[in-house]
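Here the structure is laid out as structure tokens; the discussion comes afterwards.
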Amino acid sequence: MLELSANIEYMYTDRDFVDRIDAVAELDVPAFEFGVWLERDVPSIRERAKRHRLTVANISVDPKISLLDADESAALARAVRATCDTARQFGCTQLGLLVEEVKLEPGRPWFDYQRSDRQRDERRRQRDNIVRALKSVAPVAEGEGMLLLIECLNTLVDHADYFIASWKEGVSIAREVDSPAVGLTFDAYHHQVNEGNLISSLRQDIDLIHHIHIADVPGRHEPGTGEINYLNLLRAAKQAGYDGYLGLECVPTKEDVGAALAPIRQIVDQVNREE
Ligand SMILES: [Mn+2]
């Protein structure tokens, strides 16, 4: 069954962070998620989630550590351990992990790095560092019963210097790590901005996809405001065997968030009813 999870970093931003959980409960969505947690009031978040019987679907590994840098492996292991401890308090078993940014030449599009041998070699070295870093922390996550989910972000609109700009590269990294504790978040918004081909990607690599993020293009607003056909996409996800959360990482266009989310809720209900 597909279930919505509201990302409270993106909605109700005029409210105190913990109070946003009350707003999610009023929406009658079963789960919420957020990113980094070190500067958040973890006990209050836990208490509020429990009060409303809401699931915490996903949090991010914190502090953010660059997986591109081979010297950071001890810091990464510490961050993963600490995040597992926090996630356990919420009953959350999925940890988002961003690999961070290429710092060679900020603002340069990733495909430009293919032009010289030196740049190609540097990118190759950084890619291998990501694989090595993930292999080193995979047993930690596995031992804790947690999933580490890397994510591809778009480099054309929002994250010019982020390393994993293509789904294929993210998949190749996860396949090389080859751990049941390491998979991918499929972010339909980022994927559509950088490369499109959403349904094919999703079908082909569904075994690695443990979480889905949704928003529409352009603008990262709620599904239904742009060019992504969420009925067909979510139907394909369900038919391929996806059975999990759809993290709403969108900035609603309406003050009435419930009204903004009505179309995607209708789509999720419809897809869930289908055989
Ligand atoms: Mn995302």
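For the set 52, 211, solvent exposure ranked by accessible area (probe 1.4 Å, protein chains only) runs largest to smallest as 52, 211. On a 27 Å Cα-Cα criterion, which of the cross-link pairs 50/135; 64/168; 64/135; 135/168 come out too long? Exceeds cut-off: 50/135. With the simple spin-label model, which puts each label point 7 Å out from Cα in the Cβ direction, the residue 14 to residue 118 separation comes to 5.2 nm.
Measuring r between the beta carbons of residue 42 and residue 262 and using R0 = 35 Å, the FRET efficiency lands at 0.65. Per the Debye calculation on segment 1-140 with a single equal scatterer at every Cα and no solvent contribution, log₁₀ I(q)/I(0) for q = 0.09, 0.21 Å⁻¹ amounts to -0.37, -1.14. Each Lys and Arg adds +1 at its Cβ and each Asp and Glu adds -1 at its Cβ; summed about the Cα centre, the chain shows a dipole of about 500 debye.
Rank these by accessible area, largest first, 1.4 Å probe: 275, 142. Each step should come with its number before you reach the end.
On the way: 275 205, 142 100 Å².
From most exposed to least exposed: 275, 142.
Against the chain, whose longest principal axis comes from its Cα atoms, helix 257-273 is set at around 80 degrees. You can think of it this way: the chain between residue 251 and residue 75 has 60.1 nm of extra reach, that is 0.36 nm per residue less the Cα-Cα gap. Restricting the calculation to Cα atoms, segment 92-175 yields a radius of gyration followed by a Dmax of 13.8, 43 Å.
Summing charges over neighbours of residue 241, with a neighbour being any other residue whose Cβ is under 11 Å away from its Cβ, gives 0 when K and R count +1 and D and E count -1.
Projected onto planes of every orientation and averaged, the convex hull of the alpha-carbon atoms in the chain covers 13.9 nm². Computed over the chain with a Gaussian network model linking Cα atoms closer than 10 Å, the most mobile of 253, 83, 185 is 253.
When only Cα pairs under 8 Å and 6 or more residues apart are kept, what is the percent relative contact order across the chain?
The value is 18 percent.
Note on the chain: with neighbouring protein chains present and a 1.4 Å probe, carbon and sulfur make up 46 percent of its accessible heavy-atom surface. Taking segment 214-246 and a reference point 7 angstrom along Cα→Cβ of residue 199, the backbone N atoms nearer than 15 Å belong to 228-241.
In a simple Cβ point-charge model (Lys, Arg +1; Asp, Glu -1; nothing else charged), segment 177-275 has a dipole of about 160 debye relative to its Cα centre.
For segment 89-129, the spread of Cα coordinates along the three principal axes comes to 47, 21, 14 Å, biggest extent given first.
Ellipsoid fit via the Cα gyration tensor, segment 114-254: semi-axes of 26, 20, 13 Å, each the root of five times an eigenvalue, largest first.
The values are calculated or read from the model by the stated rules, or taken from the named source; none is laboratory data. Model, not experiment: these values are computed from the prediction. Reconstructed Cβ throughout: ideal geometry from the backbone, glycine too, with neighbour counts over all protein chains shown. Calculation scope for accessible area: heavy atoms of the full protein, side chains included, ligands and nucleic acids excluded. Shrake-Rupley method; radii C 1.70, N 1.55, O 1.52, S 1.80 Å.
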